1. Taking 0.36 nm per residue of sequence separation and subtracting the Cα-Cα distance, how much length would be gained by fully extending the chain between Gln48 and Gln296, in nm to one decimal?
2. For segment 326-404, with only Lys/Arg (+1) and Asp/Glu (-1) charged at the beta-carbon, what is the dipole magnitude about the Cα centre, in debye rounded to 20?
3. Report the equivalent ellipsoid semi-axes for segment 216-359 in whole Å, largest first, defined as the square roots of five times the eigenvalues of the gyration tensor built from alpha carbon atoms.
4. Work out, step by step, the length gained on full extension between Leu19 and Met198: first 0.36 nm times the residue separation, then minus their alpha carbon distance; give nm to one decimal.
5. Could you give each residue of segment 112-120 its phi-based ³J(HN,Hα) in whole Hz, using Karplus coefficients 6.51, -1.76, 1.60 with θ = phi - 60°, and x for Gly or Pro?
6. Can you work out the accessible area per residue across the chain, with the rest of the protein chains kept in place, probe 1.4 Å, in square angstrom?
7. Top to bottom by accessible area (1.4 Å), largest first, where do Met294, Met198 land?
8. For segment 332-394, what number results from the quotient of the Cα radius of gyration and 2.2 N^0.38 Å?
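The values are calculated or read from the model by the stated rules, or taken from the named source; none is laboratory data. The structure presented is a predicted model; accordingly, all values stated were derived computationally and were not measured. Note that each Cβ is placed from the backbone with ideal geometry, even for glycine, and that neighbours are counted across all protein chains shown. Side chains are part of the model used for accessible areas, which takes the heavy atoms of the whole protein and leaves out ligands, DNA and RNA. Shrake-Rupley method; radii C 1.70, N 1.55, O 1.52, S 1.80 Å.
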Amino acid sequence: MSALQPQRTIDELKELRSLTGNADGAQRVAWTETWAAARDWMHEKLSQLPVEYEIDEAGNVWATLRGKSEKEMLIGGHLDSVPNGGWLDGCLNVLAGLEVLRRIASEGTPPVTVRLVDWADEEGARFGRSLLGSSAASATLNPDELRELTDRDGIKLVDALAQFGVNLDTARESHRQFKNAKAYLELHIEQGPVLESMNLPLGVVLGTFGVERHAIRYIGQAAHSGSTPMDHRRDAFAAAAKLGLEIRAIARRHGGVCTMGSVVTKPGIVTAVVGQCDVTLDQRHLDAGALAKMLQEAKDASQRFAAEEKVTQEWSLLWRIHPIPFHPDLIEMADEAVKETCGLSHRLPSGPLHDAAEVARAGVPTIMLFVQSLRGLSHAKEEDTKEEHIAISVEALDRLATKTMNWIANQ
Ligand SMILES: [Zn+2]
């Protein structure tokens, strides 16, 4: 039997599901007892391998298999889940990585050091701050932005972290983990419909989308819906509605995505023309130039619509992040690994952010593989991937790991 046993990954995913899930789905919310149980279970698996086990200043778990060289290949994922989450998001990455680690360890000392990392609190489900452990390690985390965060029961993030031995103010010392890191690999379920619609099991991720997130306020004049003739109105909603449709054309023109996710009208009653309308706009693209163009076109259109409706408009930035492209050499190697495993490959951007984006921001050459998600569902108990595709994904990650170790060793 080959040293790599993808079926073991499927069995272990089911084992973890029965240990940390219930009828509503996975319950491995970070900084909870169930999450700790998942990590203990993982520790037990790792203790059967010749690896060093460590929990760092940010609560990230590292298993290190020493190689002939100090240069490191990292494989990562996250055991934490959203409440009522799926059985694959995050933990497939970790358990596939575990299987690859077993295969490499079975062949003796690898050419480079191999490390498996389970990032702490990728989902941010309890305190609303995602990518916590990986952003601490990449040193982009700002403790002051997190200090006052509380969960639904009023428990402070700092106190919950302290229970797990993590101090917010020293969490960024975990940055030392990247000292010898030469590559980072992450396998993840796609969480979207693209691969399924193309009938492909696997895809190579080009990078994560840049995001421009803005709030726009239109101000017109609230007026009686019966006594105000149509051409006398200054309807704030009309301008917002025109933009809500225009952003679809903007997104299509540039190959990105645009979403108006929230619309709030005032006075918000059935008998009044809208005097004030607040909307949000979320725009995403893998290319920084295209993202900037999408934003400019939305601003120009918004100004035009405001003039047409005789209302004012004001934009304010909510949040932005630049696109994070993955490493070109690793993209090529991942493409080869996927083709060798299942014949066909497809390259696609990632809409959601992942821990991999934080690692890439820290300057570590990074790549992700996506495996098909059924019906594109995730963060729900219906999240699923065909078992044959899970097996293929473990094999592709394993092939990619071998290529990457050689790539690092030859540097
Ligand atoms: Zn995830």
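1. Numbers: separation 248, 0.36 × 248 = 89.28 nm, distance 5.55 nm.
Result for the pair: 83.7 nm of gain on full extension.
2. On the way: 8 positive and 14 negative charges, 37 e Å.
With only Lys, Arg, Asp and Glu charged at Cβ, the dipole is about 180 debye.
3. On the way: eigenvalues 359, 34, 34 Å².
Values for segment 216-359, descending: 42, 13, 13 Å.
4. So the chain would gain 61.0 nm between Leu19 and Met198.
5. 10, 6, 10, 10, 9, 10, 9, 5, 7
6. Values: 17430 Å² over 411 residues.
Accessible surface, normalised per residue, equals 42 Å².
7. Highest to lowest solvent-accessible surface, that is Met198, Met294.
8. Numbers: Rg = 13.3 Å, N = 63, 2.2 N^0.38 = 10.6 Å.
Dividing the Cα Rg of segment 332-394 by 2.2 N^0.38 Å gives 1.25.
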